[in-house]
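Q: Sharing a structure below in structure tokens format, with a few things to ask.
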Amino acid sequence: MISQLRWPRLIGHRGAAKWAPENTLASFFCAADLGAEWVELDVRLCKGGIPVVFHDETLERTTNGLGRVAQHRLDELKSLDAGTWFSPRFRDEPIPTLEEALSTIARLGMEVNIELKPDQGEALEMVQAALAVAKKVWPETAPPPLISSFSHEVLALANGLCPWPIGYLAERFDQDLLERARSVRAASLNLNANYVQPSHISAIHDAGMAVLAYTVNDPTEARRLWAMGVDSIFTDDPKSLSEG
Ligand code: G3P
Ligand code: MG
């Protein structure tokens, strides 16, 4: 399967985070409107173990709630406003469940990178919950989701539980990382764009994996990375980068 993967030049980061509140359905609609073929989203578990689409460990930056996501039940999270912090135009935009987000993204005809962000000790519960939802709602006829994480434990579990491609997230490349990525049969290394070097790209490609770089919003920088051999770029701004 991995050899059949087709990597996009751009992946809308948290949807289209420059134009709409990140990780909301509004952001995924916006990414589709801007022509994104893929979007990335972040997953956390709420109290009760339901996967929701949310980046931070805590609610303060992007909602009117307080405290840790993991300490709130779904009904509590659903009562929050995850849009006004970005703009009053998005007032009362809710936090989506993973199920709602994947159904919407599939309906919009986009592909998806599901990034799993477990709390301490939560890896197995998170992988099982997120994969169960994804298997339920993601169309069998669509290209499979890319499952990524900074957690080796999560990726090893995901590799054992499903055939979908794995993206190994890390800040910087090193040889040891390549071995760890191989051990979970990763299809890609997803690296911080600031540290990607041509020698890393050759080593990763020689190992049969793709290089995905996050997060780039400057068209000149995107062109430099593509010219260097980076396969895909995560961007908050699919509009400017596709025009650049
Ligand atoms: O998956 C790429 C990127 O989203 C990883 O970092 O913190 O934005 O989730 P973060
Ligand atoms: Mg992410």
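Every number here is computed from the coordinates shown, using simple stated rules; none is lab data. Note that the coordinates shown come from a computational prediction; the quantities given were computed from them, not determined experimentally. As a convention, Cβ positions derive from the backbone with ideal geometry for all residues, glycine included, and neighbour counts pool all protein chains shown.
Q: Only one of these is closer than 17 Å to residue 138 by Cα and surrounded by 23 or more Cβ atoms within 10 Å (Cβ to Cβ): 101, 106, 20. Name it.
A: 101
Q: While we're looking at this one, here's another question. Give region 143-183 a look and list any residue that's more than 16 Å from ligand 2 (Cβ to nearest atom), farther than 20 Å from residue 120 by Cβ and among the aliphatic types (A, V, I, L, M), or say none.
A: 161, 177, 178, 181
Q: Among the residues of region 120-142, count how many are buried (at least 18 other Cβ atoms within 10 Å of the Cβ) and of a type outside the set (Val, Ile, Thr). Full working, then the answer.
A: Filtering region 120-142 for residues buried (at least 18 other Cβ atoms within 10 Å of the Cβ) gives 122-123, 126-127, 129-131, 133-134, 138.
With the extra rule that they be of a type outside the set (Val, Ile, Thr), the set shrinks to 122-123, 126, 129-131, 134, 138.
The number of residues fulfilling the criteria is 8.
Q: While we're on this one: Of all residues in region 207-228, which are over 17 Å from residue 5 (Cβ atoms) and away from ligand 1 (no atom under 16 Å from the Cβ)? Break it down stepwise before answering.
A: The initial filter retains those residues of region 207-228 that are over 17 Å from residue 5 (Cβ atoms), namely 214-228.
Hits for region 207-228 are 218, 219, 220, 223, 224, 226, 227, 228.
Q: Which pairs have Cβ atoms under 8 Å, sit 6 or more apart or on different chains, and link a residue in region 149-173 that is over 22 Å from residue 234 (Cβ atoms) and within 12 Å of ligand 1 (Cβ to nearest atom) to one that is part of a loop (DSSP other than H, G, I, E, B) and β-branched (Val, Ile, Thr)?
A: none
Q: Residue by residue through region 23-39, note down the ones that are surrounded by fewer than 23 Cβ atoms within 10 Å (Cβ to Cβ) and part of a loop (DSSP other than H, G, I, E, B).
A: The answer is 34, 35, 37.
Q: Scanning for something surrounded by 13 or more Cβ atoms within 10 Å (Cβ to Cβ), in contact with an Asp or Glu (Cβ under 6 Å, 6 or more places away or on another chain), touching a residue at least 12 places away in the same chain (Cβ under 8 Å) and farther than 22 Å from residue 239 by Cβ, does region 175-190 turn up at least one residue? Working first, answer last.
A: So the first thing to find is which residues in region 175-190 are surrounded by 13 or more Cβ atoms within 10 Å (Cβ to Cβ), and the list is 177-178, 180-190.
This time we only want the ones that are in contact with an Asp or Glu (Cβ under 6 Å, 6 or more places away or on another chain), so: none.
No, region 175-190 has no match at all.
Q: Do we find that residue 223 is closer than 24 Å to residue 241 by Cβ and part of a helix (DSSP H, G or I) in this structure? Spell out how you get there, then give the answer.
A: Numbers: closer than 24 Å to residue 241 by Cβ: yes; part of a helix (DSSP H, G or I): yes.
Spelling it out, residue 223 is indeed closer than 24 Å to residue 241 by Cβ and part of a helix (DSSP H, G or I).
Q: So, one more: So residue 42 fits all but one of (1) of a type in the set (Asp, Glu); (2) loosely packed, with under 15 Cβ neighbours inside 10 Å; (3) within 15 Å of ligand 1 (Cβ to nearest atom); what number is the exception?
A: Of everything listed in (1) of a type in the set (Asp, Glu); (2) loosely packed, with under 15 Cβ neighbours inside 10 Å; (3) within 15 Å of ligand 1 (Cβ to nearest atom), residue 42 misses just condition (2).
Q: Looking at residue 117, is it free of Cβ contacts under 8 Å to residues at least 60 places away in the same chain, basic (Lys, Arg) and within 18 Å of residue 49 (Cα to Cα)?
A: Values: free of Cβ contacts under 8 Å to residues at least 60 places away in the same chain: no; basic (Lys, Arg): yes; within 18 Å of residue 49 (Cα to Cα): yes.
Criteria not met by residue 117.
Q: Quickly run through region 203-220 and pick out the residues that are part of a helix (DSSP H, G or I) and among the hydroxyl-bearing types (Ser, Thr, Tyr). Break it down stepwise before answering.
A: At the first step, the residues of region 203-220 found to be part of a helix (DSSP H, G or I) are 203-206, 219-220.
Passing the criteria: only 220.
Q: While we're looking at this one, here's another question. Tell me, yes or no, whether region 63-75 has at least one residue that is within 16 Å of ligand 2 (Cβ to nearest atom) and touching a strand residue (DSSP E or B) at 6+ places or on another chain (Cβ under 7 Å). So that I can check it myself, show each step before the final result.
A: Going through region 63-75, the residues within 16 Å of ligand 2 (Cβ to nearest atom) turn out to be 69.
Next cut, touching a strand residue (DSSP E or B) at 6+ places or on another chain (Cβ under 7 Å) only: 69.
Yes, region 63-75 contains at least one residue that is within 16 Å of ligand 2 (Cβ to nearest atom) and touching a strand residue (DSSP E or B) at 6+ places or on another chain (Cβ under 7 Å).
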